1. Kindly rank 164-175, 253-264 from highest to lowest mean number of other beta carbons found within 10 Å of each residue.
2. In nm, what is the difference between 0.36 nm times the number of residues separating residue 243 and residue 276 and their Cα-Cα distance?
3. How would 73, 279, 87 line up from fewest to most surrounding beta-carbon atoms within 10 angstrom?
4. How big, on average over all directions, is the shadow cast by the Cα convex hull of segment 213-291, in nm²?
5. Put a dot 7 Å past each Cα toward the Cβ at residue 82 and residue 295; how far apart are the dots in nm?
6. If we sort 242-252, 266-276, 36-46 on the protection proxy, mean other Cβ atoms within 10 Å, highest first, what's the order?
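Every read-out reported here was derived from the displayed coordinates using simple, explicitly stated rules and does not represent laboratory data. This is a predicted model, so every value here is computed, not measured. Cβ: placed from backbone, ideal geometry, glycine included. Neighbour counts: every protein chain shown.
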């Protein structure tokens, strides 16, 4: 059985990649980082792909040679498509799969004749990806470090370049902190591993939802309140008409948003964010009489 791959014009593909990168913002760099650590895996061939995230959830991605893309993930469908942006799944498909597909027939002789059974990869203009990190300097201020690198569509070389770029970013961030922070202790504390998520703090008034089974919910807002530990951030979640609060550090809340299918990095998590993001949750009942959310899940993609 023979399989015919769709041929993409080199100039169109180069333009498409440039346009997609411009629509991706920081998701382009995050796609590169997550592919590097195998948290995003891309399968398929142009124009349709399956992109699987670290939790095993797979989304369908479609690209075209004109710089457009679509994805079945909630982040694209609910949050960003209407703003003309793309998700990291579309970025991952474009980075790994669009450029290598660009092929044209090879001339057989000087008069321009072409041998039909030969193809040669046409060089595509290199892409520039940028990776940035915001570093807290004195507890009040911050500064941003950035590294730029070229993607040349050579898998081995690009892996080496990406590895070096991220190592360089780590060194630059470390130097920035050491040169501005009042003590090493502050930096160590800020980069410590996140603690386990705290339980929800809203008492359940009903048991209509079957415990352990996914039920529909809406993440309505990120907010802040005073607790015994001080000011704490939380996700405000509507579950069957009840409000459930899920507390955590920005990194922890970002993980729960990602598990729900929404790509909001920890650096963007802040009190006052209005979200209204539909998802699924598994709900449990604690011994203290409070309902708690045991797991966040994305709604099934159509």
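1. Order by mean packing, descending: 253-264, 164-175.
2. Values: separation 33, 0.36 × 33 = 11.88 nm, distance 1.29 nm.
This chain segment gains 10.6 nm when fully extended.
3. Taking fewest neighbouring Cβ atoms as first place, the list is 279, 73, 87.
4. Over all viewing directions, segment 213-291 projects a mean Cα-hull area of 5.5 nm².
5. The two pseudo-label positions are separated by 3.1 nm.
6. The most tightly packed comes first, giving 242-252, 36-46, 266-276.
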